[in-house]
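The values are calculated or read from the model by the stated rules, or taken from the named source; none is laboratory data. Small disclaimer: the values here were computed from a predicted structure and weren't measured. Please note: Cβ atoms are built from the backbone with ideal geometry, for glycine as well, and neighbour counts cover all protein chains shown.
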Amino acid sequence: MEQQHIIIQRAKTLDILHSSADRLKKKQGSVIFLSGETGFGKTTLLRVFEQASQKQDKALVSMAACQAPVGTMQVGMLQPLGPFLRLIEELKSSESVMTPKKKLAINIGMTLLTSVPYFGDLVDAVKEINRDVQLYKNEKEKTEGKKEEQEKKDLYLEFFKTLTEWSGKSPLILILDDMHWCDAESALLIEKLVENINTLPILLVIAYRRSIAEETLSPLLSVLRTVKDNGASYRFCEVEAFSTSEVHELCVRILPQYTGNAAFESSLYDKTSGIPSVVTEYVRYFAKVTPFKEDGSVKEEFTRGDLLPSSVHAAFSKLIENLNEEEIMLLSLCAAEGVESSAFIISKLLNTDIVTAIRRIKRVQAKTGVLRSLGPHERYGIKTTLFEFTQTFYREYFEKSLEFEEKTAIHSQMMHVLQEQAEGLDEVQRSKITPYIVAHANGAGEKEVVQHGLLEIAQTSQHMSLPSMSGFALQQYDANIQQLSVIGEETPIDMKLQRTRIGAELREDFGMSVLTQEQAEYHEQKGESDSEEQLHETVKADSAAMEREMISLCDEGSYEQALNQGNEFLGLHAGSIPKRDEAMISLLMARISLIVGETERAEVFLKETGNIQEKIQDPIINCLLDNAYATYHLAMKEDVPAWKYLQKAAQSSVELGREYQLLTIANIATLLSGTRKSEANKYKKAAQTLAKALNMPSLNSVISSL
């Protein structure tokens, strides 16, 4: 039934698709951009083409869709090359219906795919790429000042290389739906394929909604604006609404014994504006609730409007009146998960095993026809059966049927299920699940989970050399933080520092500037323009002056003011100043926090210093950090870990100046003064001797009081 309108109106578009597929025989490729709004039949058209192409032994055929938003979170833009990974998975999962020749090509292709992040190979591949990027950075540091450029390894280029080699074994028909939601890396790959399509036996079909692409400033726009229809390798097709004659033909195909009624068709067209899916839904409704008398004329009830539903949702609701409350709730759960729902998540929400959940879904599927199975797919780190609604408005209908509290609770449950699923995974494996956690946390109102998740995505993407995705995640984080600042909620300092540092690393590694609100205000106060050059400049800041100012405030007893000054400075300049300076200020912040009894804040700054130290491996920072951790554990009355840190500090201070030996000895004296006073006195005397030698008489009184 859902393909009826395709047969009617889409013959011309299908001809273009099939003629482009015929070019593959000559080893010539094509790119077709298919645009149309929701309900205009793009997906159904693509499925008809996919099924027809599968029946012919011309090429390997695969169709996949970009991940649509879950709630208000644009998950697709947070999944690097997500639609292409799904294409590959589609090809692999369709082996059972392939000819031996196609199976051979698949096996060869899968062997080639070991060089790109494909499911099981994802971790190793990304680690390999990260290793290359790190080598690039190391070489760059060694040759700083030289004009030699180092070549970096990009994920999309690896995919392009693999698809090129794969198409050499068998032509490819790659169909991508909902690409208005695509990530920047996928757009780069499409652009690369477009540039080389004349020499590749690949038919690439890109379906999208222009309105959404323009509204969200989709990365796909950069491709659309550079390609022109030449009637051969590049084609643009638009799926339009039905004409009145096409409405008539659809009625003939669906309504029993229908020959034609101008009044009925006119009312139908006016009510639906010719939108194919809406017209189809109304006609399906009237196939069950006839508006005609026995002589074929229209009933008076229809003329009065009694039989004509007020909307397509009303028509649909009348068709599902026989569903019970349990079945409606099941469909609502499927709708809340997103465009695709999984047996894994649904079984968790229903608190039942997966087989039982699938059987319940299939019963509703058979009863309503609003769902279809997509078969097993890789999601959330496991393989699970996916389902999707056959029409977009079906999902919208059931999602809107949930009350606010119901929707919040469901998203909260999904978030907790996925958080549990992500436990114990490494950074790369978690990156596949984190966008979904963020999306459901957003729907559940768990803002802190959203913020931590977005920062995690930004950090992982930056490590994987995906600057556009990292920048997008930071922008989403900033928007979320801005919403909270409106209602007076304060951002935790550790998150503020992490955000600033990721932004600085993007500037340093990729020349990309994603300024924080504080940095933007700083530029504005300085009277600087928003030109690209100035946005990419490193903000100059006097770290030493800030340290002196904070110490001066502490001498006056203004500890809170010193902390506020340090917070503001790091929130603005973390990542832009030398890392050693940042570590010194973070250590100072930790020490002041301990003085005022804020051990949690002290721990945050100690961890920040530790993260920096891992990168710079500075012996002085290492000694100071060990001493600071010892002081922290002393404040927490944890003598054993404090002693371990002081032992490490003592070893490292031997190679450093006497100032660092003095600091360590004084801390050891402090530790021992409570339990082993005789030993503590030895360290006190040693510390006093050092203080005198260093001409620090003011420290003698402090040491004497230990």
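A few remarks follow.
- Scan of region 157-213 for residues that are assigned to a helix (DSSP H, G or I) and among the polar types (S, T, N, Q), ordered by number: Thr162, Thr164, Ser167, Ser186, Asn196, Asn198, Thr199, Ser211
- Restricted to region 446-473, and to residues there that are over 12 Å from the mean Cα position of the chain (by Cα) and outside any helix (DSSP H, G or I), the residue that is nearest to His411 (Cα to Cα) is Glu446.
- Meets criteria (surrounded by fewer than 18 Cβ atoms within 10 Å (Cβ to Cβ) and either small (Gly, Ala, Ser) or touching a residue at least 12 places away in the same chain (Cβ under 8 Å) (or both)) for Thr609: no
- Test for Thr516: is it under 30 Å from Ala336 (Cβ atoms), among the hydroxyl-bearing types (Ser, Thr, Tyr), modelled with pLDDT under 80 and outside the structural domain of Pro80 (by TED's automatic domain parsing): no
- The condition of being surrounded by fewer than 20 Cβ atoms within 10 Å (Cβ to Cβ) and either more than 23 Å from Met495 (Cβ to Cβ) or under 30 Å from the mean Cα position of the chain (by Cα) (or both) holds for only one of Leu624, Leu553, that being Leu553.
- Checked against (1) surrounded by 20 or more Cβ atoms within 10 Å (Cβ to Cβ); (2) closer than 23 Å to Gln56 by Cα; (3) of a type in the set (A, V, I, L, M), Ala232 passes all but condition (1).
- Matching residues, region 254-289, being part of a helix (DSSP H, G or I), free of Cβ contacts under 8 Å to residues at least 24 places away in the same chain and exposed (fewer than 14 other Cβ atoms within 10 Å of the Cβ): Ala262, Ser266, Asp270
- Of the residues making up region 251-278, those that are of a type in the set (Ser, Thr, Tyr) and under 15 Å from Thr290 (Cα atoms) number 3.
- Test: residue in region 345-352 that is under 23 Å from the mean Cα position of the chain (by Cα), surrounded by fewer than 16 Cβ atoms within 10 Å (Cβ to Cβ) and of a type outside the set (D, E, K, R): no
- Arg430 of a type in the set (D, E, K, R) and in a helix (DSSP H, G or I): yes
- Test: Asp177 is within 30 Å of His463 (Cα to Cα), surrounded by 19 or more Cβ atoms within 10 Å (Cβ to Cβ), of a type in the set (Asp, Glu) and in contact with a strand residue (DSSP E or B) (Cβ under 9 Å, 6 or more places away or on another chain): yes
- Restricting region 180-208 to residues that are of a type in the set (Asp, Glu) and buried (at least 21 other Cβ atoms within 10 Å of the Cβ) leaves a set whose member that is nearest to Ser35 (Cα to Cα) is Asp183.
- Only residues that are touching a Cys at 6+ places or on another chain (Cβ under 8 Å) and modelled with pLDDT under 85 were counted in region 14-42, giving 0.
- Complete set of residues in region 570-582 that are under 30 Å from the mean Cα position of the chain (by Cα) and part of a helix (DSSP H, G or I): Leu570, Gly571, Leu572, His573, Lys579, Glu582
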